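Structure first, then comments.
The values are calculated or read from the model by the stated rules, or taken from the named source; none is laboratory data. Because the structure is a prediction, the values reported are computed rather than measured. All Cβ positions, even for glycine, are placed from backbone atoms using ideal geometry, and neighbour counts span all protein chains on display. Protein only, heavy atoms only, side chains kept; ligands, DNA and RNA dropped before computing areas. Shrake-Rupley method; radii C 1.70, N 1.55, O 1.52, S 1.80 Å.
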Amino acid sequence: MLRFVREALVKAGAVSPQARLIHNVRLTTESTLRLDVGDGTGSWFHVKACRERSLAEEFDRFRLARERFPAYTAEPIAHTCLAGWSILIARAVEHVPVGVSDLASPGSSGASLRRQLIGFLAAAQASAKADILRQDNETFMREAVACLATSPAVSPPLRDLALSLDPTVWGDIPAISQHGNLVLNNLARAGDRLLIFDWKDYGVTALAGLDICLFALSMAGMDAAGAAAIQRKENPAGQLWAFAREACATSELPYDTFRALVPVYLLAFRYLKRNCSEEIRARLDTMLGELLT
Amino acid sequence: MSIETPAVGVYATCEAQLRALYQIPTPPGQAAVLELRLGDAGRVVDDTWPADLVVSCRLTDTITQPWKPAGLGRRVQTCEAAYDAPLPFAADTFDLVILHHTLDELASVLSQRSSQQVAEDCLRRVAHVLRPGGLVVGCGLNRSSPRAWCERPRATRRVRALGVYSCRNVLHRSGFAEAEVFNLLPGLDNPRGLSSVDAQASRITFRRALEASRASLGTAGYLARRIVVGLSLNRFIENVLFYWGYKPC
């Protein structure tokens, strides 16, 4: 497999054929291998390889995100298929993970991260005007409801919730292409710069507020109690998700509407995660089940 | 409408993760695989390993099951070979040889010689049965790791294993090229990744891990670890090394 990675890097013009490559390898619990590949001269590449599915669409979404949010994304370089492996290459950026405490910090570093997060959401809103490819909210939600209502893997309370939703609820939600998995794990900082990873679901839905909801939930603990608190608090000031009010204003989404839509966002997220591992789906089902009772 | 088709995590179990790590450097179209072991059962290959010939050979002092080729097939063929004698296979037979803790276990048995000498002798015998372009891949305790000291055999005072530098040197001296040595993370019970022992690569991995756990550390603990990471010392502390090398064409 490493031979193919080398071949893909050489083919993309990222390394010379003679380069002595250095590898760090990570396995995910699902089906992808992630490698950081160094060429020995200080340049590093992030390589994702998968034999079970194609990463071509993910690469296209990643490229689109890079075009729209160059300050927040690494540079995608190439996608190639070799001997059954789908290989996605991006330029690696040395980074460290961002934690709740980093974002909630009252210091200038925390303020800078929060400002950049709002900046990203503002850029997403700005790009929506010219985004002719963005997903129609009604179509997306109709598909999501139909899928969740008929899937045997979905728990009965969720199925009932999906079926009971009033389609007019999402009729007035602004359409802004969403990252789709904007959680803390997908954020990092390179120096003072905020980086966002994992663009494989970018633009799959344009349900404005989904990214804000997921990020707020991820700050609040990614559980039913956090979701209930986000729904309950009219004013998020002083909470870990205090950014949400300003973020909603950026997306032209009234904060009260956002709060009321939390179960809809979670259903939409559950739909986006329908092909993920059982562990992730069960966690989401539990969260939604607890939120509904 | 999209149908719910939950992904089966191909790397979901510890065994699958270990096998995946052993398969990462393997060349395509491998035809014959050999696992050398000292224990009763092989720990990496089984009859689902993607190869035409899979041989699990136990190294022992008394041979009761000499090598008798059973023909090509996906079933694992087993045999025994003497600790110190040439391997009972024709030259250039295998594409891949797996040494899962074989070198340190062999060094413990052959305790009158240095672990480096034992490893070098074994790897030369492995090189003989590998085809040009073939690969040796394995793991073992890290000689310099405090945790490896705890796991050393009671009968010996020293850790009978290779270290970060000696592992690569031994592979080169035994005739292997493109040798790479890694820390296996977080460990054998949950093998989730490999971090190169190259100083810069090691710093990248462990800095990221440190920052991810920063919230749970006090200031002193964080700063101490930061120094350890900055000096690339984690590669000497982690207890399992993973390595590979190719037989030159």
| task | Calculate the mean, over all residues of peptide A:273-286, of how many other protein chain Cβ atoms lie within 10 angstrom of the residue's Cβ. | result | 2
| query | Any idea what the relative contact order of chain B is, in percent, if you count C-alpha pairs under 8 Å spaced at least 6 apart? | reply | 18 percent
| chain A - percent relative contact order, Cα under 8 Å, separation 6 or more | 16 percent
| Based on DSSP H runs of at least 4 residues, each adding -39500 (n - 2.57), what is the mean residue ellipticity at 222 nm of chain A after dividing by all its residues, to the nearest 500 deg cm²/dmol? | -13500 deg cm²/dmol
| Can you work out ³J(HN,Hα) from phi for every residue in the stretch B:101-117, in order, using Karplus 6.51 cos²θ - 1.76 cosθ + 1.60 and θ = phi - 60°, giving whole Hz and x for Gly and Pro? | 6, 5, 5, 6, 5, 5, 5, 5, 6, 9, 6, 6, 10, 6, 4, 5, 5
| field | For B:203-214, mean number of other protein chain Cβ atoms within 10 Å | value | 4
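In units of 2.2 N^0.38 Å, what is the alpha-carbon radius of gyration of the stretch A:126-219?
1.23
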| query | So how long is each side of the stretch A:39-190 along the principal axes, counting just the alpha-carbon atoms, biggest first, in Å? | reply | 58, 50, 34
| note | iface A-B | buried accessible area, total | probe 1.4 Å | Å², round 100 | 3400 Å²
| Convex hull volume per residue in cubic angstrom - Cα atoms of the stretch A:196-259 | 95 Å³
| remark: Given a 1.4 Å probe, the accessible area of chain B per residue, as a whole number of Å², is 44 Å²
| note | Quick numbers on the protein assembly as shown, Rg and Dmax over C-alpha atoms in Å, give 26.3, 81
| task | For chain A, report the convex hull volume of the alpha-carbon atoms normalised per residue, in Å³, without decimals. | result | 129 Å³
| query | Reported to two decimal places, what Rg/Rh ratio describes the stretch B:95-249 when computed on Cα atoms with Rh from the Kirkwood expression? | reply | 1.02
| field | Average beta-carbon neighbours from other chains, 10 Å sphere, peptide A:17-27 | value | 6
| Highest mean first, what order results for A:199-210, B:198-209 on Cβ atoms within 10 Å? | A:199-210, B:198-209
| task | Filter the trypsin sites (Lys or Arg not before Pro) in the stretch A:75-140 down to the DSSP loop ones having no more than 13 other Cβ atoms within 10 Å, then list what survives. | result | A:129
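Per the Kirkwood formula on distinct C-alpha pairs, the Rh of the stretch B:15-171 is how many angstrom?
Taking every pair of different Cα atoms in the stretch B:15-171, averaging 1/r and inverting gives 16.0 Å.
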| field | Whole-number Å³ per residue for the convex hull built on Cα positions in the stretch A:120-180 | value | 100 Å³
